[in-house]
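Let me begin by presenting the structure, written as structure tokens, before commenting on it.
The values are calculated or read from the model by the stated rules, or taken from the named source; none is laboratory data. Because the structure is predicted, anything quoted here is derived from the model rather than measured. Please note: Cβ atoms are built from the backbone with ideal geometry, for glycine as well, and neighbour counts cover all protein chains shown.
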Amino acid sequence: MNLILTDNPRECPGDMPEGYSLVQVDNNTIKQYDGNARVVVVLCSRGLAKDLWRISLPSCKLVQLFSVGYDNIDLSKYKEKDVPLCNAAGIYDNVLAEYVVYAMLLYAKRFHHSLNNRWFRPLRNYHYMTEIAGKTVGIMGCGRIGTAVARHLSGFGVTIIGYAKHTKEKDGFSKIYHEDSINEFFCESDFVVNTLPHDDSTIGLINSKVLASAKPNMTLINIGRDSIFNGNDFYNHLKAHKDTTAIFDMFELIPNPITNKFRRLSNVLVMPRVASISKESVESLKQLISDNIIAAISLGELKNRVI
């Protein structure tokens, strides 16, 4: 029996090809398969993939990520071992874009303050409610997810600007800013949406100097890596500017309201880590995995190949 290893069976298709068995592993138990020629495919998170090269899987024809991002994975190691690495690009574009629209409306209409009419009328913050139309939305990252966000917002009457490392023009964006003009980008934006990955150019990018240029009532929605923030600078800014709002779907560690200082701020909303989840995205991921397993076994063309 050939083996397909995974650290998250819930993300995997229910049926494996005939002659193949799905086995759950983690970063420790996978070591027992070092040198095992029966392992043909690994379906995994970034956490497992970044250390996978440390063991020998001589018959491995595919490492399939559940995520779009592959930051912290040393791609050169996969090149050396000649093991294909594929990601989940395109799977989460729509669901993340819809989450951004939801988060913007949640803030603009103060839905989080008025659910179930739990506040007395004078306390429902009606005078804080606003419209999205006429606002400027700054999207950090003009790749597939950033472009999907722009596309979903195109009917709301907003001006959409972008921030990117290299991209100069992109359909759906009226202007794209770069590192030398990031202060101007923040100065123009009523809403800032971060979709950027983790890399050397994004670590601590949003710091006190950049935040000093932001509008006092800016709303920042994060669906990218939180390493983009200088944590202390961002916390101090939010604490000092109560009209600034931050909406997070993820932290590097699941935030606890006791130990995570951001969750103690009244102008920070932390969602339950569900921005990328929908029935459609789950089914699309399983279909991608199924297609790539078959392609790997039959030596066909893999989808979303990174290496």
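Points worth noting:
- Qualifying positions in the range 190-220 - surrounded by 13 or more Cβ atoms within 10 Å (Cβ to Cβ) and touching a Ser or Thr at 6+ places or on another chain (Cβ under 6 Å): Asp190, Phe191, Leu196, His198, Met218, Thr219
- For the range 205-238, the set of residues classified as in contact with a helix residue (DSSP H, G or I) (Cβ under 9 Å, 6 or more places away or on another chain) and farther than 21 Å from Ala164 by Cα consists of Gly231, Asn232, Asp233, Tyr235, Asn236, His237, Leu238, listed by residue number.
- Every listed requirement among (1) charged (D, E, K, R); (2) under 17 Å from the mean Cα position of the chain (by Cα); (3) more than 23 Å from Asn8 (Cβ to Cβ) is met by Arg273 save one, (3).
- Residues satisfying the stated conditions in the range 133-160, i.e. out of contact with any helix residue (DSSP H, G or I) (no Cβ under 6 Å at 6 or more places or on another chain) and over 17 Å from Asp93 (Cα atoms): Ala133, Gly134, Lys135, Val137, Gly155, Phe156, Gly157, Val158, Thr159
- Taken together, the residues in the range 140-188 that are of a type outside the set (Phe, Trp, Tyr), more than 15 Å from Ser201 (Cβ to Cβ) and under 22 Å from the mean Cα position of the chain (by Cα) amount to 18.
- Selection status of Asp15, more than 25 Å from Gln287 (Cβ to Cβ), out of contact with any Lys or Arg (no Cβ under 9 Å at 6 or more places or on another chain) and not in a helix (DSSP H, G or I): no
- Test result for Thr202, in a loop (DSSP other than H, G, I, E, B), out of contact with any helix residue (DSSP H, G or I) (no Cβ under 8 Å at 6 or more places or on another chain) and among the β-branched types (Val, Ile, Thr): no
- Selection count, the range 269-304, where residues are surrounded by 15 or more Cβ atoms within 10 Å (Cβ to Cβ), over 30 Å from Asp243 (Cβ atoms) and of a type outside the set (A, V, I, L, M): 9
- Failed item, numbered, when Asp34 is tested on (1) surrounded by fewer than 16 Cβ atoms within 10 Å (Cβ to Cβ); (2) among the charged types (D, E, K, R); (3) touching a residue at least 60 places away in the same chain (Cβ under 8 Å): (3)
- Residue among Thr147, Thr159 that is in the same structural domain as Arg110 (by TED's automatic domain parsing) and farther than 19 Å from Asn183 by Cβ: Thr147
- Restricted to helices (runs of 4 or more DSSP H) entirely inside the range 86-176, those with at least 1 residues that are among the acidic types (Asp, Glu) and modelled with pLDDT of 95 or more are 93-108.
- Just one of the listed residues (Asp226, Asp200) is modelled with pLDDT under 90, over 22 Å from Tyr128 (Cβ atoms), in contact with a Phe, Trp or Tyr (Cβ under 6 Å, 6 or more places away or on another chain) and of a type outside the set (Gly, Ala, Ser), namely Asp226.
- For Phe234, the test of being at pLDDT 95 or above and within 22 Å of the chain's Cα centre (by Cα) is passed.
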